[in-house]
Amino acid sequence: MTRALALDPRTSADKSQKRRSQMTAALALKLERERRREAQMAESSALKKIVVVDDHELVLNSTVEALKQQYADAQITTAQTAASALAQIAQTQPDVAVVDLALPEQAGQTSRPETGLHLLRTLMQQYPTLNIVVQSANAKSLVRLKPAINAHEGGFIIADKSLSLKEMLTKVEWAMQGLVFTPKEMRTGLEIKPEWLEVLRLAFQEGLQDKAIAERMSVAERTVRHYWTQVQDALGVYPDTGKNNRIQTEIRAREEGLID
Amino acid sequence: MALFQLEKRPTATELSSHYFALASLSSFVISVLLISVLVGLAVFHWQTQQALRWWFEQQHQWLCREAEQVRNGPLQETFVMRRQLEMNPNETLGKPLSQHPTWMAQVTQLNGQLVRLSDELSPPYLETSLPLAIQAWAQEAELPGMPGMLGMPGVPGLMLCLPNCWHPEPPARVSLILSMLTYLMRLSMETADLPTAMSLALSQQAGWGGRGVGVLEVRLDYATTAIAAAVGRSLNLQPLIRTFQVLAPGRCIQRQRQQRLIWQFRWRLLPDSSAP
């Protein structure tokens, strides 16, 4: 290479010029993509509707402030009791509900985790596709709702109140994407349902896409996506920068011996 | 004459029958007294057990309420403090910006301590699952810096063998089982010879009348049979065994198999529980 450069400096200059122009074009393309993505985010943020439920006024305000940082134009409404939360959600039909666990049923009553659990059970029954983030100081009691969480088709994220602001906002974003996240200790053993195994087999052994998987399994494509989020939660696969979620799922599924 | 006839000396047969009547009367009285005393003791014992169980239940509920107070009060305050620091790093109560990371670290530490305190008062999963509660207890016990617990240097890892599903248990009993494990492990770690391997297994066995029996077995292996025997003798676990017997209610059996010491806790499961 050095020899060629020495022999023909003009060719070398041409090559570096070409490389520079390629890099500039790539950078411009990247910037354009970023601009489009930001525009899309702003557009989607403007349309977002969020309901925040917490009995502590200061906590409620802090959470709203934090969400406004990420979703500046979103319509954020609040509720401090289980009853008002149900009313707000029925009225606004939000994209995501951020719910505390210890809540009073009505104003003036004592906050109890059982009330929050009951509210979540009702929400999952009445709004099967609602995205929910449970933000609680004692999220472990949610293990009681495990069967309902598994059956829920919307996003369901358990976010401990000790999470940092950045982590909490990431979890809200995951919920909006319809993902499921439960703490590791809540997943004792690897509980895999037969339909999840079928999705893994069809995707990674037959190479089918979601639409084809849905046709083969005689279910809606949305249900296939729901199976993906469930199996990814069971395998502990969550969005990670620079990593492909489906490939990560395949790797973990092979590690666990779920597919050959 | 008539008086003389009345004062006639009783015959030997009459005396004998009187004697036997008196003897049987006194033995009857003694038996009644003995039975009364035994019944009284049994009633007293039963009432004492009931009172102790009531007291333990009250204590358990009180601790749960305290834990809820911590979770609803100071923990929420630290959440707000943390968010304020995260969202307004330039306005940290008039303190220089350079102190911001220190404040954040302190708030995070305070938050962690409050979580630990609330979990100490009312351990996680008490009301939901015994296996999960034991798993959470083991994770906490194996943390370094817990004096006399499993995170000490030289202590082998605790092997857990827990079922995925378990029957509903009264939260007070789950709390008692965790307390038993804590004391048992703490006492074992205080001996001169540490175990070489430790395991804990939870299982269910069939019991009388179709009711299942919960069995929790703690096994500690030592280097030699002699060391295991010495440790077994040195541990004064009789109060712990009696406490479990009364409060669970159940049984705790200690035995040795070669270099292994075994403690088996057994209790009857709730009647409405179904097999896992």
For B:ASP193 and B:GLU77, extending 7 Å from Cα along the Cα-Cβ vector and measuring point to point gives, in nm, a value of 5.1 nm
Given H placed on each backbone N at 1.01 Å, which residues far from A:VAL99 in sequence or on other chains put an amide H within less than 5 Å of it?
A:VAL53, A:VAL133, A:VAL134, A:GLN135
Would you calculate, for chain B, the mean residue ellipticity at 222 nm contributed by helices, counting each DSSP H stretch of 4 or more residues as -39,500 (n - 2.57) and dividing by all residues, to the nearest 500?
-19000 deg cm²/dmol
Just the Cα atoms of the stretch A:97-199: what Rg and Dmax do they give in Å?
13.9, 50
Just grab the label-to-label distance for B:TRP62 and A:ILE192, each label 7 Å out from Cα along the Cβ direction, in nm (one decimal).
5.0 nm
If you split all Cα-Cα distances of chain B into 10 Å bins from zero, what percentages do you get per bin, shortest first?
6, 19, 23, 17, 12, 8, 5, 4, 3, 2, 1, 1, 0
Please state, rounded to one decimal and in Å, the Kirkwood hydrodynamic radius that the stretch A:44-157 gives when every pair of distinct Cα atoms enters the mean of 1/r.
14.0 Å
Mean projection area, nm², convex hull over Cα of the stretch A:194-255:
4.0 nm²
Rounded to the nearest 5, what % of the DSSP beta bridges within the protein assembly as shown are antiparallel ones?
55 percent
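Rounded to the nearest 20 debye, what is the charge dipole size of the stretch A:194-255 about its Cα centre when +1 sits on each Lys and Arg Cβ and -1 on each Asp and Glu Cβ? Show your work: numbers first, answer last.
Working: 9 positive and 10 negative charges, 19 e Å.
Result for the stretch A:194-255 is approximately 100 debye, rounded to the nearest 20.
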Taking Cα pairs under 8 Å and at least six residues apart, what relative contact order does the stretch A:194-255 come out at, in percent?
29 percent
I'd like the accessible area for B:HIS45, computed on protein heavy atoms only with a 1.4 Å probe and all protein chains in place. Round to 10 Å², please.
90 Å²
Please list, ordered by chain and number, the residues whose modelled amide H lies under 5 Å from the amide H of B:ALA197; skip anything fewer than 5 residues away on the same chain.
B:ASP221
All-pairs Cα distance distribution in the protein assembly as shown, expressed in whole percent, bin size 20 Å:
16, 39, 27, 10, 5, 2, 1, 0, 0
Give me the dipole magnitude in Debye, nearest 20, for chain B about the Cα centre, with unit charges on the beta carbon: positive for Lys and Arg, negative for Asp and Glu.
720 debye
For the stretch A:119-260, just the Cα atoms, rotate onto the principal axes and tell me the three extents in Å, largest first.
43, 33, 26
Report the one residue of B:LEU194, B:THR128, B:PRO249 whose Cα lies farthest in the direction of the positive end of the charge dipole of the stretch B:124-276 (charges on C-beta: Lys and Arg +1, Asp and Glu -1; origin at the Cα centre).
B:PRO249
For chain B, built as a Gaussian network whose Cα springs stay under 10 Å, the top-fluctuating residue of B:LEU187, B:LEU41, B:LEU247
B:LEU41
Using θ = phi - 60° and the Karplus relation 6.51 cos²θ - 1.76 cosθ + 1.60, list the HN-Hα couplings for the stretch A:92-109 in order, rounded to whole Hz, with x at every Gly or Pro.
8, 6, x, 6, 8, 10, 9, 10, 7, 8, 7, 9, x, 5, 10, 4, x, 8
Determine, at each q value in 0.10, 0.14, 0.16, 0.21 (inverse angstroms), the log₁₀ of I(q)/I(0) that the Debye formula gives when each Cα of the stretch B:124-276 is one equal point scatterer.
-0.34, -0.68, -0.88, -1.44
When the scattering of the stretch B:156-232 is computed by the Debye formula from its Cα atoms alone, each counted once and equally, what is log10 I(q)/I(0) at q = 0.17 Å⁻¹?
-0.79
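Relative contact order, percent, of the stretch B:144-276 when contacts are C-alpha pairs under 8 Å separated by at least 6 residues?
For the stretch B:144-276, the relative contact order is 26 percent.
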Among the listed pairs A:LYS146/A:LYS211; A:LYS166/A:LYS211; A:LYS140/A:LYS193; A:LYS68/A:LYS193; A:LYS140/A:LYS166, those beyond 32 Å (Cα-Cα)
A:LYS166/A:LYS211; A:LYS68/A:LYS193
Taking Cα pairs closer than 8 Å and at least 6 residues apart, the relative contact order of chain B in percent is 14 percent
For peptide B:166-179, how many partner chain Cβ atoms fall within 10 Å of a residue's Cβ, on average?
0
Summed over the other residues with a beta carbon less than 11 angstrom from that of B:TRP267, with K and R at +1 and D and E at -1, the charge totals +4
Summarise the partner chain shielding of B:70-80 as one whole number: the mean count of Cβ atoms from other chains within 10 Å of each residue's Cβ.
6
For the stretch B:42-50, what does the Karplus curve 6.51 cos²θ - 1.76 cosθ + 1.60, with θ = phi - 60°, yield as ³J(HN,Hα) per residue in whole Hz, taken in order and with x for Gly and Pro?
4, 5, 4, 4, 4, 5, 5, 4, 4
Once label points are set 7 Å from the Cα along Cα→Cβ at both B:LEU110 and B:GLN254, what is their separation, rounded to one decimal in nm?
4.4 nm
Let me check something: with ligands and nucleic acids excluded, how do B:GLU14, A:GLU215, B:GLU169, A:GLU198 order by accessible area (1.4 Å probe), largest to smallest?
A:GLU215, B:GLU14, A:GLU198, B:GLU169
If you take every DSSP beta bridge fully contained in chain B, what fraction is antiparallel? Give it as a percent rounded to 5.
85 percent
Computed ³J(HN,Hα) along the stretch B:261-266: with the Karplus parameters 6.51/-1.76/1.60, θ = phi - 60°, integer Hz and x for glycine or proline, the list is 9, 10, 10, 10, 9, 10
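The values are calculated or read from the model by the stated rules, or taken from the named source; none is laboratory data. Worth saying up front: this structure is predicted, and the values here are computed from it rather than measured. Here Cβ is always computed from backbone atoms with ideal geometry, including for glycine, and neighbour counts include all displayed protein chains. Remember, those area values only see protein heavy atoms, side chains included, never the ligands or the DNA or RNA. Shrake-Rupley method; radii C 1.70, N 1.55, O 1.52, S 1.80 Å.
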